[in-house]
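> My questions will all concern the structure given below.
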Amino acid sequence: MEVLKDVFGELNGQAITSYTLRNDSGMEFTCIDYGCTITRIMVPDKNGVKENVVLGYDTLEEYLNYSPYFGCIIGRISGRIKNATFTLDDEAFTLAKNENENHLHGGDNGFHNVIWSSSVETKADEANIVFSYTSPDGEEGFPGNLKLQVTYSLNNENEIVISYQGVSDQKTIVNLTNHSYFNLSGNLKRTILAHELTLKSDGFLELDPSSIPTGKVLSVEDTVFDFRKGLQIVQGVNSEHPQIKLVGGGYDHPFLLNANHEQEITLVDYESGRKLEIETDEPCVVLYTGNSLEEGFTIGGVPSEKHLGLCLETQLPPNMINNPNFPSAVLEANEVYSTKTKYAFKLI
Ligand code: FUC
C-alpha cells in the first residue's frame with residue numbers, strides 16, 4: 001500500500017492537499033481535504049486497463065467555479081428539508097434556504113465546502129485517510145457542536161470503505177452521505193445510460209414537485225423502479241412514468257433497501273466489464289442519474305452532458321425529520337453517529 005500526498009491548490013491562503021492511495025494491484029483512489037472530495041478512482045477494465053470511474057476535476061479552481069457536489073461529503077443533512085425547517089422537542093429550527101424555500105445538502109456552506117483536517121494511516125493491506133471537522137453550533141441553522149470524522153479506506157481487495165462518525169453536544173439531526181458520480185465506462189467514454197443497476201428494494205419514495213418525499217412509499221412492482229432483477233438505466237430514463245418526468249427525465253429517488261451487507265446495490269457496465277458492488281448499513285439509497293448535469297463545461301477534458309454519471313447516495317430517507325413514520329435522523333446529545341458503506345470494484 002502506498003500513500004502519495006500532494007498540493008492540490010490554495011484557498012484563502014490555506015493549502016488544499018490531495019491524497020492518492022494505491023494498493024498492491026495498482027488501483028488508485030484520490031481525494032482532497034476540501035469537502036472530503038473524491039476526485040478520481042482508477043480501476044481496471046476486463047483487459048486490465050486502469051481508468052477513472054468517477055466524475056472529478058484536476059484543479060481546485062474548477063471545483064470552486066462549478067461543482068454539482070462531485071465526490072464530496074454531504075452534511076449535516078443529505079437531500080432536502082421542506083421549507084428549511086424542523087422541530088426538535090418543540091423547538092423550531094430554521095436552516096439555510098439554498099434551493100428556493102427548501103434546504104438542500106447541508107446549505108451553502110455545508111460539509112462539501114469546508115476544509116477538513118486530515119491524517120494518514122497505513123497498515124499492511126489497507127490505507128486510510130482520516131478527515132475531521134467540527135461543525136459549530138448554529139452552522140447553517142443546525143443545533144449543537146458536531147464533531148465529525150470521515151475515513152476513506154482502500155484495501156488490497158479493490159474495496160473502498162467510507163466510515164462516518166459524529167458526536168454532538170446537543171440534540172441535533174445528522175444524515176451524511178458521499179456524493180460521487182460513478183461512470184464505469186472509464187474516463188467518461190460513454191454516459192451511464194447503458195449501465196445496469198440491481199437494487200434489493202421493493203419500494204421507493206414518491207417525490208413532490210420540489211423533489212421532496214411526500215412520505216408515501218410506492219411499490220416498484222411493474223414499474224421502471226423495479227431494479228430487483230437488474231435494469232438498464234436507459235429504460236427508466238426513456239419511460240413516461242410521471243415520477244421520472246417530474247425530476248427532468250431520470251431518477252432522483254430514495255429507494256428503501258430490503259437488505260444490508262448482502263450486495264444490495266450492484267452497478268455493471270458490460271462493455272468495460274467493470275462492476276461496482278455497494279454494501280451499507282444505511283436503510284436507503286438515493287439514485288440520482290445526473291439529470292441536471294448541464295452542458296457547456298468539461299470534466300477531465302470530457303464535455304459534460306446529462307446522464308454522464310450517476311450517484312448512489314446511501315443514507316437515511318431524506319426529509320424524514322418532518323415525517324415520523326421513517327427512520328429518524330435525530331442524534332441525541334453525546335450519542336455516537338456511526339455508519340459505513342463499502343464500494344467493491346470487480347469484473348463481471
Ligand atoms: C442529488 C439530487 C438533487 C440534486 C443534486 C445535485 O443528490 O437529489 O436533486 O440535483 O444531488
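The values are calculated or read from the model by the stated rules, or taken from the named source; none is laboratory data. Just so you know, these numbers come straight off a predicted model, no measurement behind them. Neighbour counts are summed over all protein chains in view; Cβ atoms, including those assigned to glycine, are modelled from backbone coordinates with ideal geometry.
> Right, residue 262: out of contact with any His (no Cβ under 9 Å at 6 or more places or on another chain), farther than 22 Å from residue 319 by Cβ, in contact (Cβ under 8 Å) with a residue 60 or more places away in the chain and in a loop (DSSP other than H, G, I, E, B) or not?
When the stated conditions are applied, residue 262 passes them.
> Same structure, new question: Mind telling me which of the residues 295, 240 ends up being at pLDDT 95 or above, part of a loop (DSSP other than H, G, I, E, B), more than 15 Å from the ligand (Cβ to nearest atom) and surrounded by fewer than 17 Cβ atoms within 10 Å (Cβ to Cβ)?
240
> Would you check which residues across region 300-314 are farther than 22 Å from residue 59 by Cβ and part of a loop (DSSP other than H, G, I, E, B) and list them?
306, 307
> Let me ask something else. Given the structure, is residue 70 crowded, with 18+ Cβ neighbours inside 10 Å and either at pLDDT 95 or above or farther than 22 Å from residue 301 by Cα (or both)?
yes
This table checks each residue for (1) crowded, with 21+ Cβ neighbours inside 10 Å; (2) of a type in the set (A, V, I, L, M); (3) more than 16 Å from the ligand (Cβ to nearest atom); (4) within 30 Å of residue 22 (Cβ to Cβ).
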site: 187; (1), (2), (3), (4): no, no, yes, yes
site: 193; (1), (2), (3), (4): no, yes, yes, no
site: 203; (1), (2), (3), (4): no, no, yes, no
site: 209; (1), (2), (3), (4): no, no, no, no
site: 220; (1), (2), (3), (4): no, yes, yes, no
site: 225; (1), (2), (3), (4): yes, no, no, no
site: 228; (1), (2), (3), (4): no, no, yes, no
site: 259; (1), (2), (3), (4): no, yes, yes, no
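> Only residues in region 300-312 that are in contact (Cβ under 8 Å) with a residue 24 or more places away in the chain and within 13 Å of residue 186 (Cα to Cα) count as the first member; pair them with residues that are among the hydroxyl-bearing types (Ser, Thr, Tyr) and crowded, with 22+ Cβ neighbours inside 10 Å, Cβ under 8 angstrom, at least 6 apart or cross-chain, and list the lot.
300/57; 308/181; 309/181
> Among the residues of region 75-101, write down those that are surrounded by fewer than 24 Cβ atoms within 10 Å (Cβ to Cβ) and either aromatic (Phe, Trp, Tyr) or closer than 23 Å to residue 54 by Cβ (or both).
Passing the criteria: 86, 93.
> If I ask for residues that are within 16 Å of the ligand (Cβ to nearest atom) and loosely packed, with under 14 Cβ neighbours inside 10 Å, which ones from region 102-138 would you list?
108 - this is the single residue of region 102-138 that is within 16 Å of the ligand (Cβ to nearest atom) and loosely packed, with under 14 Cβ neighbours inside 10 Å.
> Let me ask something else. Looking for whichever is within 16 Å of the ligand (Cβ to nearest atom), under 22 Å from residue 68 (Cβ atoms) and among the hydrophobic types (A, V, I, L, M, F, W, C) here; the options are 234, 247. Which one fits?
247
> Out of region 1-58, which residues are at negative phi, assigned to a loop (DSSP other than H, G, I, E, B) and among the polar types (S, T, N, Q)?
23, 25, 47
> So, in region 61-120, of the ones that are part of a helix (DSSP H, G or I) and acidic (Asp, Glu), which residue ends up nearest to residue 13 (Cα to Cα)?
Ranking the candidates gives 61 first.
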